[in-house]
Amino acid sequence: MEGALIVLIPISVLVVAGIVAVLWWAARQGQFDDLEGPAHAILMDDDRPPAARPTEHKGDVPDAAQQADASQKSH
């Protein structure tokens, strides 16, 4: 039992030191500066659908037969 504590206590101290180091780094990098901004940005997001694209008329886009005719005439 005492042998396990000799191993587990230093491991737990290293884990706690690692957690403290990560939190210190995050605070120094400004990770905690604006905690409410992203939450408000989600609520203020524009939920309207994008503007509808104009419909294409059948004459605007040549079908395969028209393209084949055009390619044969050009040769």
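The values are calculated or read from the model by the stated rules, or taken from the named source; none is laboratory data. Model, not experiment: these values are computed from the prediction. All Cβ positions, glycine included, derive from the backbone under ideal geometry; neighbour counts span all protein chains shown. Accessible surface areas use protein heavy atoms only, side chains included; no ligands, DNA or RNA. Shrake-Rupley method; radii C 1.70, N 1.55, O 1.52, S 1.80 Å.
Quick look at the numbers
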{"quantity": "Within segment 1-33, tally of residues that are open to solvent by 100 Å² or more (accessible area, probe 1.4 Å) and assigned to a loop (DSSP other than H, G, I, E, B)", "calculated": "4"}
{"quantity": "Hey, Pro54 modelled with pLDDT under 65 and surrounded by 10 or more Cβ atoms within 10 Å (Cβ to Cβ) or not", "calculated": "no"}
{"quantity": "Test result for Ala65, among the hydrophobic types (A, V, I, L, M, F, W, C), part of a helix (DSSP H, G or I) and at pLDDT below 70", "calculated": "yes"}
